[in-house]
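So the structure is just underneath, and the comments pick up after that.
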Amino acid sequence: MKQPLTLIVDDEPDIRELLEITLSRMGITTHSAADVSSAKLLLVQQEFDLCLTDLHLPDGDGLQLLDYIQQYRPNLPVAVISAHGNMDTAIKAMKKGAFDFISKPVDLITLRQLISSALKLSVTPTGPSLQLSRSSSVSRLLGKSEAMVQLRDKIEKLSRSQAPIHIKGESGAGKELVAKLIHQQGPRNDKPFIAVNCGAIPHELMESEFFGHKKGSFTGAVADKQGLFQAADGGTLFLDEIADLPAVLQVKLLRAIQEKKVRAVGAQQETPVDVRLLSATHKDLAAMVKGGEFRQDLYYRVNVIELLVPPLRSRIDDIAELARHLVSKLAAANGLKSPKLSDEAISVLKQYSFPGNVRELENILERAMALYDGKVITKEDLNLPIHSATSSLLTQAGEYDPSQVSLENYLEDIEKQAICEALEENRWNKTATAKQLGMTFRSLRYRLKKLGLE
């Protein structure tokens with residue numbers, strides 16, 4: 001079997017020798033260059049499986065070499081070596097398409113992990129295998145709209161990188177599904193995918209949950225416990241609702257990302273971890289940074305690349321396909337024959353604004369399946385407002401047009417969206433939602449029943 005071939009680019013002889021010895025022990029052949037021009041010449045002469053390049057070189061920098069490789073060898077994974085503390089340049093490199101980065105002084109364990117992950121990408125899938133990968137992605141992320149086609153293309157591209165990705169989108173739009181697809185299509189797909197809702201962990205337990213703890217480190221710590229970072233080692237850690245992290249954890253998370261090491265509560269030493277970080281929130285992180293609620297430096301680390309998941313109302317043409325898929329899935333889960341959706345039912349669904357997105361669509365269909373006559377799901381079974389898709393435009397514009405929709409329906413839309421958003425923020429805890437909205441629990445229950453949200 002052919003040995004992998006790696007290009008090492010660094011102007012320091014000691015660093016080149018260290019990298020050559022380390023890769024040789026891993027069974028990897030290397031060629032070295034001391035500057036950009038020499039590296040370009042080798043790239044013309046050889047087909048490499050990986051490139052390791054320093055950022056500061058005598059006749060240019062690693063970013064110039066990265067641009068060259070992106071243009072002429074787009075499938076070649078590039079990892080940049082940055083000086084300690086020079087994270088901004090390393091992040092810039094990842095935005096440009098670098099696979100990953102490693103800081104000087106080079107940690108050999110981290111280096112080996114990086115190389116192993118990168119070499120999994122050296123063989124670009126072609127032909128049937130690529131088509132299989134794409135069809136798998138389509139089957140999990142439904143929709144033929146332009147927005148979904150673009151999203152699937154971005155997922156396929158971003159899965160080849162190790163750059164932290166911040167997945168932005170409204171509640172219920174499918175952010176966790178997107179994170180899973182990025183993991184499944186990447187080189188870490190044989191390792192764990194660990195998802196955690198940051199808002200669901202009590203603040204006093206967060207450090208232990210994220211980084212683990214040693215036996216006896218605090219009252220109740222009766223045994224050593226592995227943290228989420230250690231559980232995801234080699235794989236992907238998905239931090240959902242990252243905006244809910246308290247300030248203390250934001251500092252510790254920032255250090256874990258920068259150093260690629262974590263320290264368990266009560267431990268004396270840090271442990272190296274190899275984790276790809278994905279995050280998501282339905283809140284506006286940039287606005288939270290301006291308001292002082294989220295650390296700016298952490299924002300730049302987790303938001304190296306931003307990926308937007310479109311709301312359901314912006315891809316109306318996908319609703320019919322999604323609805324039929326969800327009905328089939330719900331029927332199979334309950335051991336039932338999949339019912340049909342009437343044309344009128346599909347039409348009503350297309351006219352609805354879906355403040356809760358795909359998750360709300362699934363809830364609506366699940367309720368309809370409990371009410372329908374056993375043959376066809378009708379628009380009456382859906383129990384939705386009949387007014388048109390102008391409701392979504394009204395929500396966006398914030399203006400009322402009496403020629404398009406009645407005042408009663410318009411106000412009902414606003415109330416429904418406000419309640420849905422509050423329920424999402426409080427993770428469907430009705431007591432907390434009622435308190436946030438300034439109403440009694442009984443009043444909230446009445447409104448949920450009236451609006452068909454119960």
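A few comments on the model shown:
- In the set (1) 54, 21, 21; (2) 33, 29, 21; (3) 46, 27, 20, the label that goes with semi-axes √(5λ) of the Cα gyration tensor in Å computed for this structure is (3).
- Among the GluC sites (Glu not before Pro) in the range 13-57, those placed in a DSSP loop whose Cβ has at most 13 other Cβ atoms within 10 Å are E47.
- Cross-link partners of K340 among lysines, defined as those whose alpha carbon lies under 18 angstrom from its own and excluding same-chain residues fewer than eight positions apart: K329, K350, K375, K379.
- Counting Lys and Arg as +1 and Asp and Glu as -1 over every other residue whose Cβ lies under 14 Å from the Cβ of N75, the net charge comes to +1.
- Estimated from helices alone, the mean residue ellipticity of the chain at 222 nm is -14000 deg cm²/dmol (sum of -39500 (n - 2.57) over DSSP H runs with n ≥ 4, per residue).
- Per-residue Karplus couplings for the range 66-76, computed as 6.51 cos²θ - 1.76 cosθ + 1.60 with θ equal to phi - 60°, are listed in order as 4, 4, 4, 5, 4, 7, 10, 9, x, 8, 8 Hz, Gly and Pro entered as x.
- Within a straight-line Cα-Cα reach of under 19 Å, K290 can be paired with the following aspartates and glutamates, leaving aside sequence neighbours fewer than 8 residues apart in one chain: E241, D244, E306.
- Only Cα pairs under 8 Å and 6+ residues apart enter the sum, and on that basis the relative contact order of the chain stands at 11 percent.
- Helix 108-119 and the longest principal axis of the Cα set of the chain meet at an angle near 70°.
- Listed peptides 145-151, 335-341, 163-169 appear in the order 163-169, 145-151, 335-341 once ranked by packing, highest mean of other Cβ atoms within 10 Å at the front.
- Listed by chain and number, the lysines whose C-alpha is less than 26 Å from the C-alpha of K157, apart from same-chain residues fewer than 8 away, are K40, K92, K95, K96, K120, K144, K168, K175, K180, K191, K260, K283.
- Accessible area per residue for the range 152-297, computed on protein heavy atoms with a 1.4 Å probe, is 43 Å².
The values are calculated or read from the model by the stated rules, or taken from the named source; none is laboratory data. None of these values were measured; they are calculated from a predicted model. Note: ideal-geometry Cβ built from the backbone for every residue, glycine included; neighbour counts use all protein chains shown. Heavy atoms of the whole protein, side chains included, go into the accessibility calculation; ligands, DNA and RNA do not. Shrake-Rupley method; radii C 1.70, N 1.55, O 1.52, S 1.80 Å.
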